[in-house]
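*Asks:* Next up is a structure, given as structure tokens.
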Amino acid sequence: DQLMNEKNKIESLVETIADGALLLDTSLRLVLINKAALTIFSWDKKGELVGTKLWSHLSPSFQKKMYAALEKLIKTGSKQTFYSSIIQTSQQPSNKFFCIILNIVYDSRNQIRHPKGIAITIQDSTKELELIKVRSRFIVNISHELRTPLFNIRSFIETTQDYNYTLTTL
């Protein structure tokens, strides 16, 4: 009963997280999925996904990025992050960009740390990317607006130099 209560507490906590959260076992089977992850990946039912291999639910391009990050995670043992867009369905046609963070989950009871699985966090970075684009456009526009008068002033100075600083009015 105590173990079931602890499990229910953890699952309730994970469900309230706004970011997508996946927990994989050492065979890369889905152990835990929150509602945000279901929405992000446009997956239907959590019950049908738990216990299945993660790879069978990802697009080939996303699989390649995930594989590269998992490979680095295993080699280095340190957190890995990559960015990706996830193809949205007709229900969510807008482009969405995500930051995916992978961490190894260790058994906390033993002195020797044995990997128990992989935790994946999926953060929506769409707004941040849009802000970067807006800032970039703003800088380009300001730069253009400043260059135009400066170019005119420079042209006027060059003209006066060409006429030995003796321009007359007609």
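The values are calculated or read from the model by the stated rules, or taken from the named source; none is laboratory data. Being a predicted model, the structure only gives us computed values, none of them experimental. All Cβ positions, glycine included, derive from the backbone under ideal geometry; neighbour counts span all protein chains shown. Just so you know, the surface numbers come from the protein's heavy atoms only, side chains and all, with ligands and any DNA or RNA stripped out. Shrake-Rupley method; radii C 1.70, N 1.55, O 1.52, S 1.80 Å.
*Asks:* Can you give the relative contact order of the chain as a percent, counting alpha carbon pairs under 8 Å and 6+ residues apart?
*Replies:* 18
*Asks:* Shifting gears a bit: So who's got an amide H within less than 5 Å of the one on Lys116, skipping anything under 5 residues away but keeping other chains? H placed 1.01 Å off N, in plane.
*Replies:* Residues meeting the criterion, in which the H sits 1.01 Å from N, are Val105, Tyr106, Asp107.
*Asks:* Could you pull out every one of the lysines with an alpha carbon less than 17 Å from that of Lys53, ignoring same-chain neighbours closer than 8 positions?
*Replies:* Candidates past the 8-residue exclusion: Lys45, Lys64, Lys65, Lys116.
*Asks:* Ignoring ligands and nucleic acids, what accessible area does Val134 show with a 1.4 Å probe (Å², nearest 10)?
*Replies:* 80
*Asks:* Show me the chymotrypsin sites (Phe, Trp or Tyr not before Pro) within region 1-61 that DSSP assigns to loop and that have at most 15 other Cβ atoms within 10 Å of their Cβ.
*Replies:* Trp43
*Asks:* A further question on this structure: To the nearest 20 Debye, how big is the dipole of region 1-59 about its Cα centre, given +1 on the beta carbon of each Lys and Arg and -1 on that of each Asp and Glu?
*Replies:* 140
*Asks:* Using only the Cα atoms of the chain, each taken as one equal point scatterer with no solvent, compute I(q) by the Debye sum, divide by I(0), and report log10 of the ratio at q = 0.08, 0.12, 0.18, 0.21 Å⁻¹.
*Replies:* Log10 of I(q)/I(0), two decimals: -0.42, -0.67, -1.21, -1.47.
*Asks:* Under a 1.4 Å probe, what is the accessible area of region 1-127 per residue, stated in Å²?
*Replies:* Using a 1.4 Å probe on heavy atoms only, each residue of region 1-127 averages 66 Å².
*Asks:* Write out the trypsin sites (Lys or Arg not before Pro) in region 11-49 meeting two conditions: DSSP loop, and at most 16 other Cβ atoms within 10 Å of their Cβ.
*Replies:* Passing sites in region 11-49 are Lys45.
*Asks:* To the nearest whole percent, what portion of all C-alpha pairs in region 1-79 is separated by more than 18 angstrom?
*Replies:* Distances greater than 18 Å cover 49 percent of the Cα pairs.
*Asks:* Carbon and sulfur: what percent of region 3-58's accessible surface (1.4 Å probe)?
*Replies:* 59
*Asks:* Could you rank the peptides 61-70, 140-149 by their average count of other C-beta atoms within 10 Å per residue, with the highest value first?
*Replies:* Going from most to least packed, we get 61-70, 140-149.
*Asks:* Continuing with the same structure: Would you calculate a helix-derived [θ] at 222 nm for the chain, using -39,500 (n - 2.57) for each DSSP H run of n ≥ 4 and dividing by the full residue count, to the nearest 500?
*Replies:* Taking each H run of at least 4 residues, the total per residue is -15500 deg cm²/dmol.
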